[in-house]
Amino acid sequence: MATDLSITELSGELRDAINKLEVSGDLETVGIVTRVGDGVAWVHGLRSAGYSEVLLIEGTQGEQVEAFALNLNEDEIGAVLLGSDEAVAAGAKVTLKGTVLDVPVGPELLGRVVDPLGNALDGGPAIKTKQRGLVEREAIGVIGRKHVHEPMMTGIMSIDAMFPIGRGQRELIIGDRQTGKTAIAIDTMINQGRQKTGVINVYVAIGQKLSKIARLVERLKEEGVMEQTIIVATGPADPASLLYLAPYAATAMGEYFRDNGQHALMIYDDLTKHAVAYRQMSLLLRRPPGREAFPGDVFYLHSRLLERSAKLTDELGAGSLTALPIIETQAGDISAYVPTNVISITDGQIFLETDLFNQGIRPAISAGLSVSRVGGDAQTKSVKSVGSHLKLGLSQYRELASFAQFGSDLDEATKNQIEKGQRLTELLKQHQYQPASVWEQVASIYAVSEGAFDKVSVAKIKEAQTALLTRLWTDHKKDMQELTKGDEKISGESKYAKLILKTAQSVAKGFED
Amino acid sequence: MAKLSRRKIAALWADELVAGHDIIAKIAAYLIEERRTDEMSLIVRETEIALAERGVVVADITTANGLSDESRTAIEKFLTVSMNARRVAFREAHDPSVIGGVKIDVAGQQLDATLKARLNQLKSSKI
């Protein structure tokens with residue numbers, strides 16, 4: 001009797017019906033490989049294949065090679081292989097997996113090095129997670145987003161003071177080779193561990209030398225940050241399809257934390273190589289080349305990826321996904337195709353200059369060309385109060401300094417400005433792996449900008465800064481711990497301002513000429 | 001003139017075949033003219049799919065030791081029902097490497113119930 005049926009019986013009957021159908025209709029749709037080469041297979045048949053659907057190709061030894069469909073033509077499918085093309089021969093049987101690409105996601109991945117398909121690369125046990133996440137997933141909509149308002153401290157003074165980054169922001173790190181792009185990203189990851197922010201780091205190496213990744217893993221372990229880090233690694237020898245998938249797969253892993261009310265930081269190192277891998281795939285798939293031989297959808301390639309970074313509303317758990325994509329330029333040309341694309345997608349950029357790097361100004365951040373479009377709201381009150389004039393002062397100094405090279409007859413005001421600029425520049429130099437906490441940043445910048453170190457020679461600024469920080473920490477540890485919370489505005493009459501200034505003046509005496 | 005897709009050629013050929021016209025010479029001439037003779041096997045495959053859509057099924061049966069009449073009837077019945085076919089034709093092949101069982105290839109679909117396939121399946125699931 002239909003009325004007697006309970007829901008459990010219904011589901012049981014449905015299952016029976018499905019089983020019956022599966023047994024009786026065992027005919028599966030198959031296609032055949034017509035051509036294969038350069039990591040691309042052309043398949044005949046499989047009319048029901050969907051875009052980005054996973055295909056299973058029977059290898060020469062009976063093994064299965066996965067591929068995903070990217071070109072759906074009337075007569076054939078162009079699919080990109082996820083494994084070696086040597087195992088695939090023309091005439092091989094192809095079936096549909098019935099799913100699009102997904103990867104394991106969840107806290108089980110923390111501390112692991114994986115490939116873009118979620119296979120362990122660190123020699124550890126196979127990764128088993130409760131959940132899987134879609135590699136290609138639509139970005140969250142307008143209603144689900146909130147404005148960026150919490151700080152993502154990098155620990156790099158010049159960034160936190162001048163170009164603050166907020167949780168949920170996309171901030172591009174751009175510069176020529178060997179200018180310290182990755183170093184900034186790594187310091188930011190380390191800072192999350194040092195400051196115990198609880199932010200999960202996801203580092204994506206796209207076609208990076210494996211030795212470099214190994215070094216990075218070692219360093220992160222040394223710093224104790226590896227437990228809150230996932231590394232998605234692809235090397236130069238991996239097929240272009242894996243390089244292409246790496247940032248999307250890693251974003252799926254980061255999104256898990258975003259959607260569970262946590263905060264994650266994505267580092268894409270680097271998107272230039274990603275665009276090149278996609279160009280290779282596109283050209284092999286016979287898609288028409290455009291500017292610099294990139295396909296027409298290279299903008300969409302990066303915009304859909306970076307749009308997945310977001311700050312979620314409280315209703316959705318208030319999690320966030322911050323992105324630090326890296327782009328490598330050629331001879332400082334930021335007007336090339338991929339750099340301009342990514343600059344326009346992101347919420348600002350940190351521009352690194354070779355000249356500054358070679359002058360010993362490291363991190364070699366250009367004050368004039370760098371910008372953060374949304375981070376201002378996210379900056380902590382204390383850093384904001386001391387850093388507000390820093391950018392302007394530094395840009396003016398750089399301009400004056402180049403102008404002053406032509407003559408030595410300068411008026412007193414200009415001379416002062418140049419000297420202050422030199423001190424600030426010196427102050428903002430920072431060694432790698434030494435991210436600064438909020439109180440260290442506030443105290444250092446406030447001391448120099450208020451003139452406490454005006455009588456200290458430029459060469460001794462760093463020493464004086466170290467002495468100041470040591471003194472403050474030993475004598476006023478409680479106050480500094482309070483200051484690190486960042487809620488206090490630091491200006492003339494505030495308790496901390498007076499404390500810093502007084503200590504700085506007494507420290508400066510020991511460094512005067 | 002734009003290149004005619006294989007699917008269109010196959011549809012035309014299948015229509016003519018079902019209507020009982022033999023246009024094989026015309027197709028051959030067209031392929032030579034268009035220098036597309038290397039697509040021959042794909043067009044044949046596509047035509048088999050087009051024929052199946054029109055109720056005429058040509059099935060490739062691969063076994064290790066040949067088919068018994070009984071199983072042939074069973075397969076014919078199975079294909080008639082599952083493919084909704086009016087006519088079923090067989091092309092039989094022997095391949096000792098399948099070890100046992102039967103493999104049916106029909107118009108872009110396949111039923112692989114051979115021992116070889118099962119073994120492969122077992123091998124990959126073990127990994």
Label model pair A:Ala318, B:Leu119: point-to-point distance (7 angstrom along the Cα→beta-carbon line) in nm is 6.2 nm
Residues other than A:Glu171 with Cβ under 10 Å of its Cβ, Lys/Arg counted +1 and Asp/Glu -1, net out at +1
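Lysine pairs in chain B with alpha-carbon atoms under 18 Å apart, 8 or more places apart or on different chains: how many are there?
Count of close lysine pairs: 5.
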Taking a straight Cα-to-Cα line shorter than 25 Å from A:Lys209, and setting aside same-chain lysines fewer than 8 residues away, one finds A:Lys181, A:Lys221, A:Lys273
Mean separation of Cα contacts under 8 Å (at least 6 apart) over the residue count of the stretch A:17-154, i.e. the relative contact order in percent, is 20 percent
If every Lys and Arg gets +1 and every Asp and Glu gets -1 at its Cβ, then about the Cα centre the stretch B:56-127 yields a dipole, in debye to the nearest 20, of 240 debye
Restricting to Cα pairs under 8 Å and 6 or more apart, the percent relative contact order of chain A works out to 15 percent
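With a Förster radius of 45 Å, plug the Cβ-Cβ distance of A:Asp122 and A:Glu512 into 1/(1 + (r/R0)^6) and report the FRET value to the nearest 0.05.
That gives a FRET efficiency of 0.30.
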Calculated from DSSP helices alone, with each H run of at least 4 adding -39500 (n - 2.57) and the total divided by the residues of chain B, [θ]222 nm to the nearest 500 comes to -15500 deg cm²/dmol
Taking a crude spin-label model, label points 7 Å out from Cα along the C-beta direction, the A:Thr470 to B:Ala25 distance in nm is 10.3 nm
Here, chymotrypsin sites (Phe, Trp or Tyr not before Pro) of the stretch A:380-430 satisfying both criteria (DSSP loop; at most 10 other Cβ within 10 Å) are A:Phe406
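What FRET efficiency do you get for A:Lys462 and A:Leu110 if R0 is 41 Å and r is their Cβ-Cβ distance, rounded to the nearest 0.05?
Here the calculated transfer efficiency is 0.70.
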The stretch B:56-127: antiparallel bridges as % of DSSP beta bridges, rounded to 5, reads 60 percent
Once B:Asn65 and B:Arg91 are pulled to full extension, the length gained, defined as 0.36 nm per residue separation minus their Cα-Cα distance, is 7.9 nm
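Mind putting a number on the dipole of the protein assembly as shown about its Cα centre? Charges go on the C-beta only, +1 for Lys and Arg and -1 for Asp and Glu, and I need it in Debye to the nearest 20. List each step's numbers first, then the result.
On the way: 74 positive and 84 negative charges, 253 e Å.
Rounded to the nearest 20 debye, it is 1220 debye.
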Summing +1 per Lys or Arg and -1 per Asp or Glu among the other residues with Cβ less than 12 Å from A:Ser309's Cβ gives +3
Out of A:Ala464, A:Phe299, A:Tyr268 - ranked by how far each Cα lies towards the positive end of the dipole of the protein assembly as shown, with unit charges on the beta-carbon of charged residues - the top one is A:Ala464
A chain fully extended from A:Glu28 to A:Leu56 at 0.36 nm per residue, minus the present Cα-Cα distance, gains in nm 8.8 nm
Here the whole-number average of other chain Cβ atoms within 10 Å per Cβ of A:28-35 is 3
The helix A:181-194 Cα axis meets the longest alpha-carbon principal axis of chain A at an angle in degrees, between 0 and 90 and rounded to 10, of 80 degrees
Relative to chain A, whose Cα atoms define the longest principal axis, helix A:7-24 and its Cα axis are tilted in degrees, nearest 10, by 60 degrees
The set of residues whose placed amide H lies less than 5 Å from the amide H of A:Gly207, leaving out same-chain residues fewer than 5 positions away, is A:Thr234, A:Gly235
Counting other chain Cβ atoms within 10 Å of each Cβ in A:60-68 and taking the mean gives 2
Around A:Met157 (Cβ within 10 Å, Cβ-to-Cβ, excluding A:Met157; K/R +1, D/E -1) the net charge comes to -1
Plugging the Cβ-Cβ distance of B:Lys8 and A:Gln330 into 1/(1 + (r/R0)^6) at R0 = 45 Å yields, to the nearest 0.05, a FRET efficiency of 0.45
In Å, the Kirkwood hydrodynamic radius from C-alpha pairs for the stretch A:254-315 sits at 13.6 Å
Here the relative contact order (percent) of the stretch A:118-175, from C-alpha pairs under 8 Å and at least 6 apart, is 22 percent
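Which pairs break 29 Å Cα to Cα here: A:Lys415/A:Lys509; A:Lys429/A:Lys509; A:Lys420/A:Lys478?
Cα-Cα > 29 Å for A:Lys420/A:Lys478; rest within.
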Expressed in nanometres to one decimal, the distance between label points 7 Å along Cα→Cβ at A:Leu369 and A:Asp409 is 3.5 nm
Toy charge model, Lys and Arg Cβ at +1, Asp and Glu Cβ at -1: the stretch B:1-54 dipole around Cα centroid in debye, rounded to 20, equals 180 debye
Per residue of B:105-115, other chain Cβ atoms within 10 Å number on average 4
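In deg cm²/dmol and to the nearest 500, what is the mean residue ellipticity at 222 nm of chain A if only DSSP H runs of at least 4 residues count, each as -39500 (n - 2.57), divided by the residue total?
-12000 deg cm²/dmol
A short reminder: the numbers here are calculations on the coordinates, not readings from a lab. All values derive from a computational prediction rather than experimental measurement. All Cβ positions, even for glycine, are placed from backbone atoms using ideal geometry, and neighbour counts span all protein chains on display.
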